[in-house]
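Participant: Can you read through this structure? Questions will come right after.
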Amino acid sequence: MPTVSVTIPTYNRSILIKDAINSVLNQSFQDFEIVIIDDGSTDDTKSVIESFTDSRIKYFYKENGGCASARNFGIKNCTGQYIAFLDSDDLWPENFLEIMIGKLQSNPDYGASYCLIYGRYPDGKEEVKHEARLCKSGKITKDLFKTGFIWLQTSVFRREALADFHFDNSIRNAADTDALLRLSTKIKFLFVTETHGILRLNHGISPRLNSSTFNCNRIRILERFYYKLGGNRFVDAATARRKISHAYHHVAQNFYSISCRKAALYLYFRAIKYWPFDMRLYVCVYKSWMLQKNKDKNPKWKMPTPLEKNL
């Protein structure tokens, strides 16, 4: 049994996954298996993976079901004492597993360790992403609800922390946010400063997701967590309402910027409903109402339906 299982879900990332695999193979900590879940790729992902001869690499192909489905499949096929998640277009520095696992071994009361992520551009330049958002250890549910920023690909979990846990297959984008919120109510997270993950930016293929779709899903996740999944035991009402209002405001701005008037107005009004004390929202409503009359690039837009309580 390996000490750690590294799960890598992938979909049409053949031009990037080789680097991701190599970043694991080059780790200073070598007691691992790599579990690759090909979520129905139509490119040459399989042949790229088969070019590796390392027996620690396990390749599984499944019909396309989304990233959450692929992660669940990966967890079921992991045999390690720890489980780490890496996206097929991201990387780890050579010391990542050694440090992250070492920290958990030295702190047995923590269920997971996590660290910052650096964005890396094609020219090699790096910058810290969301540096000050969440750098805390312990029970972090309230802080995670407020910030939303732990990156799954910079987290390592004890296997038992993921027992009887699954990602929500109904969430096509932002399922990581939902999963981390739910996990944070059950385990303590340990923040690690000595290493980081690497998020590759502007890598020449289609964006990972549409930002408006992603942010609409985040709203649905926050609302369900707080009102249906017991999040109100961990997050006070004022914090929750202000955060959800801010989330509506943020995605409304996205729609306003591309002249989707109906969507923007709906979302601004939802933001006001949650936190009517933010005067900026009323200015935004006025601007959208007056300046975008007769301008609506998506008049048939509808907010996605709320998430069900049952996972």
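Participant: Would you mind classifying the stretch 1-82 by shape? Square roots of the alpha carbon gyration tensor eigenvalues, ordered a ≥ b ≥ c; an a/c under 1.5 is rounded, otherwise it is prolate if a/b is larger than b/c and oblate if not.
Facilitator: On the way: a/c = 2.10, a/b = 1.25, b/c = 1.68.
Verdict is oblate for the stretch 1-82.
Participant: With the chain treated as a Gaussian network of Cα nodes joined by springs under 10 Å, which of Asp143, Asp87, Asp164 yields the largest mean-square fluctuation?
Facilitator: Evaluated over the chain, the most mobile residue of the options is Asp164.
Participant: Can you spot the aspartates and glutamates whose alpha carbon is less than 17 Å from Lys46's alpha carbon? Ignore those fewer than 8 places along the same chain.
Facilitator: Counting by Cα, and skipping residues close in sequence, Lys46 has these aspartates and glutamates nearby: Asp19, Asp38, Asp54, Glu63, Asp87, Asp89.
Participant: Could you calculate the contour length gain from Asp123 to Ile258, that is, 0.36 nm times the residue separation minus the distance between their Cα atoms, to one decimal place in nm? Write out the running numbers ahead of the final one.
Facilitator: Details: separation 135, 0.36 × 135 = 48.60 nm, distance 2.98 nm.
Contour length minus the Cα-Cα distance gives 45.6 nm.
Participant: Just report the Cα centroid separation between the stretch 91-108 and the stretch 255-311, whole Å.
Facilitator: The two parts, judged by their Cα centres, are 43 Å apart.
Participant: Could you give the size of the charge dipole of the stretch 4-200 about its Cα centre, using +1 on the Cβ of each K and R and -1 on the Cβ of each D and E, expressed in debye and rounded to the nearest 20? Please list the in-between numbers first.
Facilitator: On the way: 24 positive and 27 negative charges, 147 e Å.
So the magnitude is around 700 debye.
Participant: For the chain, give me the percentage of DSSP beta bridges that are antiparallel, rounded to the nearest 5 percent. Don't jump to the answer; show the numbers that get you there.
Facilitator: Numbers: 13 of 38 bridges.
The antiparallel fraction comes to roughly 35 percent.
Participant: Sticking with this structure for a sec: Using a Debye calculation, one point per C-alpha and no hydration shell, please list log10 I(q)/I(0) for the stretch 168-302 at q = 0.16 Å⁻¹ in order.
Facilitator: -0.96
Participant: Projected onto the charge dipole of the stretch 211-291 (+1 at Lys/Arg Cβ, -1 at Asp/Glu Cβ, origin at the Cα centre), which of Ala263, His250, Ile221 gives the Cα projection farthest towards the positive end?
Facilitator: Ile221
Participant: I'm spelling it out carefully: the read-out is P(r) over Cα pairs in 10 Å bins from 0, in percent, the candidates are (1) 6, 28, 34, 23, 8, 1; (2) 4, 11, 12, 15, 17, 14, 9, 8, 5, 2, 2, 1, 0; (3) 6, 25, 32, 24, 10, 3, 0, and one was derived from this structure. Which label?
Facilitator: (3)
Participant: Give the Rg/Rh ratio for the stretch 226-311, taking Rg as the radius of gyration of the Cα atoms and Rh as the Kirkwood radius, to two decimals. Provide the component values of the computation, followed by the final result.
Facilitator: On the way: Rg = 14.4 Å, Rh = 13.8 Å.
The Rg/Rh ratio comes out at 1.04.
Participant: Turning to a different aspect of this structure: Using mean Cβ contacts within 10 Å as the protection proxy, how do 5-12, 120-127 order, highest first? Before the final figure, lay out the partial values.
Facilitator: Numbers: 5-12: 24.4, 120-127: 10.8.
In decreasing order of mean packing, 5-12, 120-127 become 5-12, 120-127.
Participant: Report, in degrees rounded to the nearest 10, the 0 to 90 angle that the Cα long axis of helix 96-106 makes with the longest principal axis of the chain.
Facilitator: 90 degrees
No value in this document is a laboratory result; all are computed from the given coordinates. The model shown is predicted, which means the values in this text are computed figures rather than measured ones. Positions of Cβ are generated from backbone atoms using ideal geometry, with glycine treated the same way; all protein chains shown enter the neighbour counts.
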